[in-house]
Amino acid sequence: MGNIASRALALATFAVIAATPAFAQDKVRVGVFPVSSTLPYFVALEKGYFKEQNIEPEMTRLIGGPPNVAAMIGNQIDAAAVLVTIEGMNANIKKPGVAMYISVNSQNRTYQMEQFVIRKGFNATSLKDLKGAKIMSAPGPANVTMAKAALAAVGLKDGDYTIDQLDMGQHVNAMTAGTFDAGYTLEPNASTMRKMGVATTLEAGVIANYVLGNPEANAFVGGCALTTDFIKAKPDVARRFTAAWHKAMDLINTNPTEARKHLIKNTFTPDDVVDTVPMIRYFAAKDLNAKDKADFQKFIDFSTQTGTLTEKVDVNKYLQVF
């Protein structure tokens, strides 16, 4: 009798468990700009790090900073991956706390992202040689400002060249067609151009070199940001999203070869280029030291001095530490 009763109890318990619906995953609306610096998002998604944290991201593809900023201010997304820090701080001037950075990305001569490229057949060995050039730029005021700053640092002023913003998806085609002499572009476009033989890199890491004064300084140009509305409304979800993001960052920093494969099909990276795309360095907001924060502040202060930002911003106010 005892065995029969135990068996019946076990069956009843199983029936109750089977009838109980699984807990729904917490949804997080994420604006995704599909460049190589957005890699932590794709790693966390495809490696199951979000799922481990019971997070289900809802991705909206948004090209460039301005659409991400507009979506954050309008409460249409909870997170931006990746958001240029100048544009994030500009958003914070308009709506304080709308862009809280859980991580920032360092780019410089070693950890390459932004760079000037020249088309095949254009004669230039340094940025000074871009006098008279027709230049394309990655879209958004932050990118144009940085391109002009680097050119100004070598003595070129407005009128010495022309510069036009161009959607990132068109950069490779524009260089192939010879529409522009040079370009201020981002990875993985530069690697793709080099692989195809349509352009070469003239100089990489220009922000660290010309804005921060050291080609190996940490230029914190972009990062992952959450809105304060999201953090306040769902603090535990925000914390778990951040944990998944940080785990993805750690994989990229320690094993870039494995991480690179997640660029395929998620960004503008062809299969035969992915192994050559340089990786930037990812920092959790909680891990920034005093020098890192000083480099970050100097970069943002430069944007204020050039008029890209309308007022001084204290970056420490917009670093989100869990």
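One residue is enough: does region 178-187 have a residue meeting the conditions assigned by TED's automatic domain parsing to the domain that holds Phe302 and touching a helix residue (DSSP H, G or I) at 6+ places or on another chain (Cβ under 7 Å)?
Looking through region 178-187, none of the residues is assigned by TED's automatic domain parsing to the domain that holds Phe302 and touching a helix residue (DSSP H, G or I) at 6+ places or on another chain (Cβ under 7 Å).
When you scan region 36-64, how many residues do you find that are of a type in the set (A, V, I, L, M), within 12 Å of the chain's Cα centre (by Cα) and buried (at least 24 other Cβ atoms within 10 Å of the Cβ)?
Of the residues in region 36-64, 1 are of a type in the set (A, V, I, L, M), within 12 Å of the chain's Cα centre (by Cα) and buried (at least 24 other Cβ atoms within 10 Å of the Cβ).
Which condition does Arg109 not pass, out of (1) assigned to a helix (DSSP H, G or I); (2) surrounded by fewer than 22 Cβ atoms within 10 Å (Cβ to Cβ), if it passes all the others?
(1)
Check off (1) farther than 25 Å from Thr185 by Cα; (2) charged (D, E, K, R); (3) surrounded by 19 or more Cβ atoms within 10 Å (Cβ to Cβ) for Asp295 and give me the number that stays unchecked.
Asp295 satisfies all of (1) farther than 25 Å from Thr185 by Cα; (2) charged (D, E, K, R); (3) surrounded by 19 or more Cβ atoms within 10 Å (Cβ to Cβ) except (1).
Residues that are assigned to a loop (DSSP other than H, G, I, E, B), polar (S, T, N, Q) and in contact with a Phe, Trp or Tyr (Cβ under 6 Å, 6 or more places away or on another chain): does region 262-279 have at least one?
Yes; the residues of region 262-279 include at least one that is assigned to a loop (DSSP other than H, G, I, E, B), polar (S, T, N, Q) and in contact with a Phe, Trp or Tyr (Cβ under 6 Å, 6 or more places away or on another chain).
Condition test on Thr257, is it assigned to a loop (DSSP other than H, G, I, E, B) and in contact with a helix residue (DSSP H, G or I) (Cβ under 9 Å, 6 or more places away or on another chain)?
Criteria not met by Thr257.
When the residues of region 65-101 are filtered to those that are surrounded by fewer than 21 Cβ atoms within 10 Å (Cβ to Cβ) and within 17 Å of the chain's Cα centre (by Cα), which remaining residue is modelled with the lowest pLDDT?
Among those that are surrounded by fewer than 21 Cβ atoms within 10 Å (Cβ to Cβ) and within 17 Å of the chain's Cα centre (by Cα), it is Pro66.
In contact with a Phe, Trp or Tyr (Cβ under 6 Å, 6 or more places away or on another chain) and under 20 Å from Met59 (Cα atoms): is that true of Ala233 in this structure?
When the stated conditions are applied, Ala233 does not pass them.
Let's see how each residue does on (1) of a type outside the set (D, E, K, R); (2) surrounded by 20 or more Cβ atoms within 10 Å (Cβ to Cβ); (3) more than 19 Å from the chain's Cα centre (by Cα); (4) not assigned by TED's automatic domain parsing to the domain that holds Ala91:
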position: Leu226; (1), (2), (3), (4): yes, yes, no, no
position: Phe230; (1), (2), (3), (4): yes, yes, yes, no
position: Arg239; (1), (2), (3), (4): no, no, yes, no
position: His246; (1), (2), (3), (4): yes, yes, no, no
position: Thr257; (1), (2), (3), (4): yes, no, no, no
position: Asp271; (1), (2), (3), (4): no, no, yes, no
position: Met279; (1), (2), (3), (4): yes, yes, no, no
position: Phe302; (1), (2), (3), (4): yes, no, yes, no
position: Lys312; (1), (2), (3), (4): no, no, yes, no
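Given the conditions (1) in a loop (DSSP other than H, G, I, E, B); (2) without any contact (Cβ under 8 Å) to a residue 60 or more places away in the chain; (3) touching a strand residue (DSSP E or B) at 6+ places or on another chain (Cβ under 7 Å), report the number of the one that Phe122 does not fulfil.
Failed condition: (2).
Assess whether Lys95 counts as being without any contact (Cβ under 8 Å) to a residue 60 or more places away in the chain and of a type outside the set (Val, Ile, Thr).
yes
Residues checked against (1) farther than 19 Å from Asp250 by Cα; (2) assigned by TED's automatic domain parsing to the domain that holds Phe241; (3) part of a strand (DSSP E or B):
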position: Gly31; (1), (2), (3): yes, yes, yes
position: Tyr41; (1), (2), (3): no, yes, no
position: Leu45; (1), (2), (3): no, yes, no
position: Phe50; (1), (2), (3): no, yes, no
position: Thr60; (1), (2), (3): yes, yes, yes
position: Val82; (1), (2), (3): no, yes, yes
position: Glu87; (1), (2), (3): yes, yes, no
position: Pro96; (1), (2), (3): yes, yes, no
position: Ser103; (1), (2), (3): no, yes, yes
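The values are calculated or read from the model by the stated rules, or taken from the named source; none is laboratory data. Keep in mind the model is a prediction, meaning the values are calculated, not measured. Positions of Cβ are backbone-derived with ideal geometry, glycine not excepted, and every protein chain shown enters the neighbour counts.
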